[in-house]
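Participant: So that we are looking at the same thing, I have put the structure below in structure tokens.
The values are calculated or read from the model by the stated rules, or taken from the named source; none is laboratory data. All figures in this text were calculated on a predicted structure; none of them were measured in a lab. Here Cβ is always computed from backbone atoms with ideal geometry, including for glycine, and neighbour counts include all displayed protein chains.
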Amino acid sequence: MISKPRPTSGDTSTSHANGTVVVGVDGTSSGLAALTEAANDAVETHARVVCVHVRAEPMLAEMMVLMAPYATAVVSEWRDALELEAWLHCVQVVEPRGVPWDFLVTYGRPADALSEIAAARGASAVYVGARRRGGWARRLHRCPALELARSSRCPVRLVDHNADIAPQA
């Protein structure tokens, strides 16, 4: 796991004090864990939380499904549902903490989009959920979190999706 230690009180070298943190949200448990971690850190450091939902480019299997009748509508509804779930997570987790936040939707590869938004916003850190995959799944699926950790100009905090994700007020 690639992680930046949580800032401690008075430690300006690792803080996001009055800055911005970017968090990737996708409507999943790993995205919720990253959002919770980012929101908790934002409360401590008075940072703005920029929640980013990336609508990924269609994969080959998805494109083949789109050739079937009515498939386009089903895939579109599925993507809309994920976006709504991501937004609802933001409302439930960030809003009660009283920190300023934004919700952005963009298109593209998640690692590239998060890196670009973090650079444009001058983010002090990017939070993303990381899923552990084993065996063939690890070889077949690219991990956007690891790609982001390799390419981002600011620190990236990979949050294990098994972390405590209960909303805290």
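Participant: Show the residue pairs meeting these rules: Cβ distance below 7 Å; 6+ apart or different chains; first residue within the stretch 77-96 and over 12 Å from Cys51 (Cβ atoms); second residue of a type in the set (A, V, I, L, M) and outside any helix (DSSP H, G or I).
Facilitator: Qualifying pairs under 7 Å: Pro96/Ala169.
Participant: Given the condition at pLDDT below 80, more than 14 Å from Val23 (Cβ to Cβ), exposed (fewer than 12 other Cβ atoms within 10 Å of the Cβ) and more than 13 Å from the chain's Cα centre (by Cα), answer yes or no: does some residue in the stretch 108-124 qualify?
Facilitator: No, every residue in the stretch 108-124 fails to be at pLDDT below 80, more than 14 Å from Val23 (Cβ to Cβ), exposed (fewer than 12 other Cβ atoms within 10 Å of the Cβ) and more than 13 Å from the chain's Cα centre (by Cα).
Participant: Additional query: One residue is enough: does the stretch 39-61 have a residue meeting the conditions modelled with pLDDT under 65 and either at positive phi or in a helix (DSSP H, G or I) (or both)?
Facilitator: Taking every residue of the stretch 39-61 in turn, at least one turns out to be modelled with pLDDT under 65 and either at positive phi or in a helix (DSSP H, G or I) (or both).
Participant: How about the stretch 87-107: which of its residues are surrounded by fewer than 21 Cβ atoms within 10 Å (Cβ to Cβ) and in a loop (DSSP other than H, G, I, E, B)?
Facilitator: Gly98, Val99, Pro100
Participant: Let me ask another. Just to be sure before I move on: is Val23 touching a Ser or Thr at 6+ places or on another chain (Cβ under 9 Å), at pLDDT 90 or above and of a type outside the set (Asp, Glu) in the structure I sent?
Facilitator: Spelling it out, it is not the case that Val23 is touching a Ser or Thr at 6+ places or on another chain (Cβ under 9 Å), at pLDDT 90 or above and of a type outside the set (Asp, Glu).
Participant: Take the residues of the stretch 33-49 that are under 14 Å from the mean Cα position of the chain (by Cα) and among the small types (Gly, Ala, Ser): which is nearest to Gly122 (Cα to Cα)?
Facilitator: Ala38
Participant: Follow-up question, since we're still on this one. Applying the selection to the stretch 128-148, what residues are in contact with a strand residue (DSSP E or B) (Cβ under 6 Å, 6 or more places away or on another chain), within 12 Å of Ser115 (Cβ to Cβ) and at pLDDT 80 or above?
Facilitator: Those that are in contact with a strand residue (DSSP E or B) (Cβ under 6 Å, 6 or more places away or on another chain), within 12 Å of Ser115 (Cβ to Cβ) and at pLDDT 80 or above: Val128, Leu148.
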